[in-house]
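Working notes for the structure below.
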Amino acid sequence: MPILNSIAALADDMAAWRHDFHEHPELMYEVHRTAGIVAERLREFGCDEVVTGIGRTGVVGVIRGRKTESGRIIGLRADMDALPIEEASGVPYASKTPGLMHACGHDGHTAMLLGAAKHLAETRNFDGTAIVIFQQAEEGGAGGKAMFDDGLMTRWGIQEVYGLHNAPGVPEGVFALRPGPMLAASDELEITVHGKGGHAGAGVHKAVDSVLIAAHIITALQSIVSRNVDPIKSAVISICMVEAGKAMNVIPETVELKGTVRTLDPEVQDLVERRVAEVADGIARTYGGTATTKYTRLYPITMNHARETVIAADVARDVVGAERVVDQAPPLMGAEDFAFMLQARPGAFVFLGMGDGKDCHHPAYRFNDNILGHGASYWVRLVEKTMPAE
């Protein structure tokens, strides 16, 4: 089945909702305006229950079908937060808040799920309960974990959970997914190199050059991927921040290195964590210094469950046709805190193509309103197909 007629009729409304959210971006857990509007809309639509403040600022709507004899309860999740980016998209509804921008399409995700919630609350053509989840702080704040810790899954008895994200560069209206690892674990890396300060010209032989040590560590860390990780598997180690020194002719006592690690396999994640500390410590000692490593695990691997991935792919085929569904898409090294929800319940995370355009997190990123109907129809069909009324 193509885009639902009732969803197509909501196209202008969904676009207007999105543009309003886009004009008023909010960060992390401070999504008070957005969450308030979402809750107000869900109440207007006639949801059976609307609860705010889950995980601080998340919103949950409960929509019961005409029948609930099946006992089925599934969760549908969208994210609401923006990014600390100065917008350069040129759209007429650009951010009115300097330094903040919806550069990842969460405004679109929220509008899609609102459209689906309106349809589901009006028709209730299913046997079970749909839980619409509007999550805060996806962008680095682990809002998904906060909602889980606040009882999201147990309070409403959610049995399966599904997520969706737009995908620039994937043809418009094409769904892409895969069983197993869909997105990488995201870990944070901090290495402090300790040397001995000194004059960078006249007293270099009396110093222990922390900058030299740091440079060797940065280079050597790449050998973990090339020589320790199974070449059939994947890992990324990127040092993105180097803080050292205050003067051109003084060797500093310490250098701070910070970066990110991405992995798609728990064993590789364990290996990288261990080897980073070993490599940093070994090189520092070789040159007469020391190094301390802080390795923080942030978002887990976004791991799609086999059965639910098949369900999600079948639903996508119903919406856009078999030729526009890629059910063995390659995994990506980006990260998603929907991973916390997939650790708690079986489910699947899908990408919906936006066509050509700037990547997410780019200041000139533009969400494609043409896919709002695809996303909302996917959510509706997921509920109606997995919990049929007859």
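The values are calculated or read from the model by the stated rules, or taken from the named source; none is laboratory data. The structure presented is a predicted model; accordingly, all values stated were derived computationally and were not measured. FYI the Cβ positions are ideal-geometry reconstructions off the backbone, even for glycines, and counts take in every protein chain you see. These accessible areas exclude ligands, DNA and RNA; they are computed on the full protein's heavy atoms, side chains included. Shrake-Rupley method; radii C 1.70, N 1.55, O 1.52, S 1.80 Å.
If you stretched the chain out fully between GLN343 and ALA306, how much longer would it get, using 0.36 nm times the residue separation minus the C-alpha to C-alpha distance? Don't jump to the answer; show the numbers that get you there.
Numbers: separation 37, 0.36 × 37 = 13.32 nm, distance 1.35 nm.
Between GLN343 and ALA306, full extension yields an extra 12.0 nm.
Relative to the first principal axis of the alpha-carbon coordinates of the chain, what is the inclination of helix 32-45, with its axis defined by its Cα atoms, in degrees from 0 to 90 and to the nearest 10? Around 20 degrees separate the two axes. Couplings 3J(HN,Hα) of the stretch 258-270, computed from phi: 9, x, 10, 10, 10, 9, 10, 9, x, 5, 5, 4, 4 Hz, in residue order, whole Hz [Karplus 6.51 cos²θ - 1.76 cosθ + 1.60, θ = phi - 60°; x for Gly and Pro]. Relative to the longest principal Cα axis of the chain, at what angle does helix 372-386 sit, 0 to 90 degrees, rounded to 10? Between helix and principal axis, roughly 70 degrees. Normalised by the number of residues in the stretch 8-160, the average gap of Cα pairs under 8 Å and 6 or more apart makes the relative contact order 35 percent.
Note down the relative contact order for the stretch 255-390 as a percent, whole number, built from C-alpha pairs under 8 angstrom at least six residues apart.
After rounding, I find 24 percent.
Per residue, the stretch 13-133 exposes an accessible area of 34 Å² to a 1.4 Å probe, with every protein chain left in place.
Karplus-based coupling profile of the stretch 286-295, in residue order and whole Hz: 4, 9, x, x, 9, 9, 10, 10, 10, 10, with θ = phi - 60° in 6.51 cos²θ - 1.76 cosθ + 1.60 and x standing for Gly or Pro.
Summed over qualifying helices (DSSP H, 4 residues or more, each -39500 (n - 2.57)) and divided by its residue number, the chain shows a 222 nm mean residue ellipticity of -11000 deg cm²/dmol. With R₀ fixed at 30 Å, the C-beta to C-beta distance from GLU122 to ASP359 puts the FRET efficiency at about 0.25.
Computed from Cα positions, the angle between helix 210-227 and the longest principal axis of the chain comes to roughly 50 degrees. Which residues in the stretch 241-255 have a backbone N closer than 15 Å to a point placed 7 Å from the Cα of ALA202 along the Cα-to-Cβ line? Zone members listed by number: 249-251. Here's how it looks for MET101: its modeled amide H is under 5 Å from those of LEU83, ILE85, which are all 5 or more places away or on a different chain. Contact order, relative form, for the stretch 276-354: 37 percent (alpha carbon pairs under 8 Å, 6 or more residues apart, mean separation divided by residue count). Charged neighbours of VAL325, selected by a Cβ distance under 10 Å, balance to -2 (K, R count +1; D, E count -1).
The residues neighbouring GLY75, those whose beta-carbon lies less than 13 Å from its own, together hold a net charge of +2 under the Lys/Arg +1, Asp/Glu -1 convention. The three principal axes of the Cα atoms in the stretch 295-390 give end-to-end lengths of 51, 33, 21 Å, sorted in falling order.
With K and R counted +1 and D and E -1, the other residues having a Cβ less than 13 Å from that of GLY195 yield a net charge of 0.
May I ask you to rank THR52, THR97 by accessible area, largest first, using a 1.4 Å probe over the protein chains only?
Details: THR52 75, THR97 50 Å².
Sorted by accessible area, descending: THR52, THR97.
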